[in-house]
Amino acid sequence: MNSKNNLKGWLYLLPALIFLGVFMVYPLIDVLIYSIEEGYNFASQTYSGVGIYNYSYVLHDPYFLQALKNTFILVIITVPLSTGIALLISLALNRSGRFKELFQTIFFLPYVTNTLAVGLVFMILFKKTAYSEGLINLLLNTLGMKSVDFIEGPYWAKMFVLCFYTIWVVLPFKILILTSALASVNQDYYNVAKVDGTRKWRIFTRITLPMISPSLFYLIITGFIGAFKAYSDVVALFGTDLNAAGMNTIVGYVYDMLYGNSGGYPSFASAAALILFAIVLTITVINLLVSKKNVYYN
Amino acid sequence: MKIILKHLTKIFLSRHKKNEYVTAVDDFDFEIPDGKLIGLLGPSGCGKSTTLNLICGLEEPTEGRIFFDDVDVTDLAPEDRGVGMVFQNYALYPHLSVRANISFPLENLRGKDKLSKEEIEKRAFEVAKLVQIEQLMDRKPNELSGGQQQRVAIARALVKTPGVLLLDEPLSNLDARLRLQTREQIRRIQKETGVTTIFVTHDQEEAMSISDLIVVMKEGKLMQMGVPQSVYNEPVNLFVAKFLGTPAINVFDGYVKDKKVYIGDDYIMDKDIEDQDVYVAIRPEGFIPKKNGRFHCRFDRIEIMGRDTSIVCHHDKCISDEDIRTIVDSDIKIYHDDNMIAFDLKENKTHIFSKKDEKVL
């Protein structure tokens, strides 16, 4: 490789590098700088010193701790549940010979449905209005239980709706990925296993799971990252004043610190964003380490 | 273990057209003797693999029964039949080591058959030694050559000491040299274990070289079954004659008149049958070049390939190929002028088939 060729190579890379530099690298560095500038004034664009006060403030802010707790609960509940449910549905889909295509379409519909329409459906299901209790509450009533205010009621009810919504929204994509992963497993492996008298559960754990492990792992990683970034769904369900509703998330907190009613603190927002980054990075690294042992790449 | 097929039939719903049926296996009725190596031979799509799947239980027959010795296994699940199967692509579990692949069937055993870890390890090692891969136990399948993978697959199929070993196109994924080696290996392993083995192939040379018996199939029907040499020497119909042998048999339009067989004007041999049009099929080695021979062909060229000398010539009545291929003794002096060459024919290499049903006469 001579230097002339090198120059040419860089030239080809230039468009992508400029784009990435301006929209990814520069903002990242900027966020880092904001997060260590203490007492930053948005109007005058001045700051009093450099240090870790912003981090300490954010970590002691009860709103942030609430957001942290909400996000973690959301992640811990929705990622395993949605992946597990998607796997079960995909396994069933893979088996349902005749109506496979029909069911695949039905399960994929939510993915292409407008978010507003989905929000409306959830409202009909859960929201208590002057005119209606909401479909779920009607159901609870017929079962002899009391109505629950899912949108403005107790914390667990709101968390339930949020988790339910999140799982439901991410399910189609996961099903799509997993059905194609399952379909791409060579049928001969199952035939061999059958001739060898392998029981179904063992076929599933020793053959199916390792074979689809790359897809599964991909879904778990993106699932974690996606759930940590939750914000718009929460707004769709509980409105913009999330701190008051006690349903804020980390991304929500970042947004509020920047543009919310009590906003205008880019330093705090940046610190919170970097804390989120650190959390996601840690979890992804742990995931990668675990996967090294358990994920089989062909 | 002896395998008996009784009126075995498998009909599939056509994949391409609705309400159309394909008969993959048509009324198979034969017996495979204990401890033999059987080659199931036929062109692709003739139902060989389906037959194998029926025997191992992955497919259910539409009609007919399958017996292993005296036991009717038709309704038994594959794992209850005591068969080992090697798939065409080997189907080794790619995420498991060779050791784990071979032990896999043993680890499936439950209840009174359950084996201890040491016993599993011991048996896996024994069978690995049998197929000569014991030094590769810790490798993953993708770190092995095609031939080694093949042997791991055979080891996995044999580890439960099945009564029947089934091999689906065992050599088709190997290159020419490995193929030769591996087929000797298969022969050796079969002899050492004495397991009744059926292997499917579309390569007649492969089948002829290692089988005790070959079964020739065409379009789901059994054409002929027998010792390779006898099937080659005494084909019951034109298909079998054409399918076995390289170079392929030469087929001519001929006729019988006054109990004599002719091709064109040339008298070929005597045949005690009624006057009729026939196919005359002559093996390449059935030609003896001779100055005053009775069968005249247009001479083209002589090809010498190592130990074989081949005379290529033409004849208007030849319908199998444009070229007539002959293989002759290289010590024989070949007389020919620019255009013509004459042969005498070996009668035991010349077969007469009916034009009506292509059966031997």
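Here, each number is a calculation from the coordinates, and none is a lab measurement. Note that this is a predicted model, so its numbers are computed, not measured. Positions of Cβ are backbone-derived with ideal geometry, glycine not excepted, and every protein chain shown enters the neighbour counts.
How many Å³ per residue does the convex hull of the Cα positions in the stretch B:3-242 occupy? Spell out each step's value before the answer.
Numbers: hull volume 34.2 nm³, N = 240.
Residue-normalised Cα hull volume stands at 143 Å³.
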Under 19 Å from B:Lys355, Cα to Cα: lysines that are on another chain or at least 8 residues apart: B:Lys218, B:Lys242, B:Lys257, B:Lys259, B:Lys260, B:Lys271, B:Lys317
Principal semi-axes in Å for the stretch A:1-144 [√(5λ), Cα gyration tensor, largest first]: 45, 33, 16
DSSP-assigned coil residues among GluC sites (Glu not before Pro) in the stretch B:314-361, each with at most 12 further Cβ atoms within 10 Å: B:Glu322
From the C-alpha gyration tensor of the stretch B:250-354, square roots of 5λ in Å: 24, 13, 13
Assigned charges on the beta-carbon of Lys, Arg, Asp, Glu; the protein assembly as shown dipole about Cα centre (debye): 1500
Pairwise label distance in nanometres, B:Asp329 with B:Lys355, each label 7 Å out on the Cα-Cβ vector: 3.6
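Rounded to two decimal places and with Rh computed the Kirkwood way over Cα pairs, what is Rg over Rh for the protein assembly as shown?
Radius of gyration relative to Kirkwood radius: 1.17.
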Label-to-label distance, nm, for residues given as B:Asp203 and A:Arg95 (7 Å Cα→Cβ offset): 4.0
Set of aspartates and glutamates with alpha-carbon distance to A:Lys128 below 16 Å, sequence-local pairs under 8 removed: A:Asp149, A:Glu152
Low-density loop positions, trypsin sites (Lys or Arg not before Pro), the stretch A:94-192 - DSSP coil, at most 16 other Cβ in 10 Å: A:Arg98, A:Lys146
GNM top mover of A:Val22, A:Val31, A:Val234 - chain A, alpha-carbon springs below 10 Å: A:Val22
For the stretch A:167-206 and the stretch A:1-49, distance of Cα centres in Å: 44
D (Stokes-Einstein, µm²/s), Kirkwood Cα radius, chain A, 1.002 mPa s at 20 °C: 94
Rg [Å, one decimal], Dmax [Å, integer] - the stretch B:1-79, C-alpha atoms: 13.0, 42
Debye intensity ratio I(q)/I(0), log10, the stretch A:63-120, q values 0.18, 0.19, 0.26, 0.30 Å⁻¹ (C-alpha model): -0.83, -0.86, -1.00, -1.05
A:Tyr259 paired with A:Ile52, simple spin-label distance in nm, labels 7 Å along Cα-to-beta-carbon: 3.2
Value in Å of the Kirkwood radius, where the stretch B:146-305 supplies the Cα pairs that are averaged: 18.8
